[in-house]
Amino acid sequence: SSGAPSGVSYDIRAGSYTKIGRSVTCHIYLDLSSWSSGPSGNAIISALPFTSRNNTDSYGSAIIGYADGFISSNAPQVGHVELNSTQIQLKTNQSSDSRDDLRTSISASNMSGDEIIIVSVTYNVA
């Protein structure tokens, strides 16, 4: 997020990756247990192991395998890695209509610090 939380505690913070050529696949499991001061801005997953390639053929798609503890209007549905980045941008529906665009960023200020998310992402690197 743009305003990072402080005093963050995790029950689980795990990840792994496989890199074959220019393709990297990451599996991430985050289970927040608490924080002393909440974040602001958009919720992101940062510190991917490699910077994504800066070429339009290299956007990476993230699959949200599981999410719990998010309020219904703020639950992540999809994610993506932008060009020249080490972050996953988390997105949800633009409105309460599940057919609506999946382009609204997850608001970190609506999180309580007890969320769980399991994500897999594949992206290209230089």
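Computed from label points 7 Å out along Cα-Cβ, the spacing between ARG22 and GLN94 is 3.1 nm. Spin-label model, SER112 to SER72: label points 7 Å out along the Cα-to-beta-carbon direction sit 1.5 nm apart.
Return an integer: the convex hull volume of the alpha-carbon atoms of region 5-59, in Å³ per residue. Present the calculation step by step, with values, prior to reporting the outcome.
On the way: hull volume 5.3 nm³, N = 55.
In region 5-59, the Cα convex hull volume per residue is 97 Å³.
Rolling a 1.4 Å probe over the protein heavy atoms gives the chain an accessible area of 54 Å² per residue. Cβ-Cβ distance of ILE12 and ASN84, R₀ of 41 Å, FRET efficiency by 1/(1 + (r/R0)^6): the value works out to about 0.90.
At a 10 angstrom cut-off on C-beta neighbours, averaged per residue, how do the peptides 51-64, 73-86 rank from highest to lowest? Intermediate results must be reported in sequence, preceding the final value.
Numbers: 51-64: 15.6, 73-86: 17.9.
Ranking, from highest mean packing down: 73-86, 51-64.
Structural descriptor for region 65-126: relative contact order 38 percent, calculated from alpha carbon pairs under 8 angstrom and at least 6 residues apart.
Projecting the Cα atoms of SER109, SER46, SER23 onto the charge dipole of the chain, computed from C-beta unit charges around the Cα centre, puts SER23 farthest toward the positive end. The three principal axes of the Cα atoms in the chain give end-to-end lengths of 39, 34, 24 Å, sorted in falling order.
The values are calculated or read from the model by the stated rules, or taken from the named source; none is laboratory data. Just so it is clear, the structure is predicted and the values come from calculations on it, not from any experiment. Glycine also receives a Cβ, built like all others from the backbone with ideal geometry; neighbour counts cover every protein chain displayed. Accessible surface is based on the protein model in full, side chains and every heavy atom, while ligands, DNA and RNA are left aside. Shrake-Rupley method; radii C 1.70, N 1.55, O 1.52, S 1.80 Å.
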